[in-house]
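The values are calculated or read from the model by the stated rules, or taken from the named source; none is laboratory data. All values derive from a computational prediction rather than experimental measurement. Please note: Cβ atoms are built from the backbone with ideal geometry, for glycine as well, and neighbour counts cover all protein chains shown. Accessible surface areas use protein heavy atoms only, side chains included; no ligands, DNA or RNA. Shrake-Rupley method; radii C 1.70, N 1.55, O 1.52, S 1.80 Å.
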Amino acid sequence: MLAAILTVCAITVGCGGNRQADQQQSAEQQAIEARIEEMEPAFEGTYLDENNSPNLLIEPKGTAGMYRLEIGIFRLTILSDAVGMVDGDRLEFTATDAAGNPIGGDITLRGDTATVTFTHSTWPLIETGAQFQYVRQKASKSKITADTRHERRAAALHRPEHPPHSPAEAANRAVVLDR
């Protein structure tokens with residue numbers, strides 16, 4: 001009888017030890033994953049250009065390390081179909097330029113400043129090697145909507161889609177486009 005009790009105690013202690021080892025291993029794994037996340041730059045967010053306009057939007061695409069991007073360059077273009085993938089400390093992206101050709105580059109972060117560098121371009125208005133900087137927006141995660149995108153395109157081309165019918169309408173449009 002004493003031998004049976006000792007055997008049950010030994011098994012119980014052994015099982016408890018395994019649970020403790022499993023918990024310790026799980027905690028170590030979580031710590032490693034947290035360190036990896038800290039090392040990887042967090043690209044997600046809305047970034048402002050030199051005019052304080054939200055012209056760089058980076059959001060997760062669903063697959064780990066994949067992102068959907070919208071890159072606006074003041075009075076030049078909007079790349080609205082860009083997709084990117086994290087490669088080390090940079091986010092490599094591809095998109096379609098205004099002429100319908102592929103364009104690509106990478107985004108690097110230094111603090112809250114994102115630098116977009118075009119590494120492949122056949123479009124004469126954006127040369128290979130061109131760089132643009134954006135600063136992460138702190139207050140809110142506003143998205144660039146289709147309406148604002150359309151308004152920004154019209155403003156970039158200096159022509160509204162529909163000319164204003166009155167001076168009041170023109171003044172109202174100017175206020176909307178300045179936002």
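Hey, any idea what % of region 62-122's accessible area is carbon plus sulfur with a 1.4 Å probe?
It is 49 percent, rounded to a whole number.
Say R0 is 35 Å: what FRET efficiency, to the nearest 0.05, do V83 and Q23 get from their beta-carbon distance?
After rounding, the FRET efficiency stands at 0.30.
Quick one: length gained pulling N52 to T108 fully straight, 0.36 nm per residue minus the C-alpha distance?
Working it through step by step, the gained length comes to 18.2 nm.
Pulled fully out, how much extra length does the chain show between E59 and H120, if you take 0.36 nm times their separation in residues and subtract their Cα-Cα distance? Don't skip to the answer; put the middle values down first.
Values: separation 61, 0.36 × 61 = 21.96 nm, distance 2.23 nm.
Taking 0.36 nm per residue and subtracting the Cα distance, the gain is 19.7 nm.
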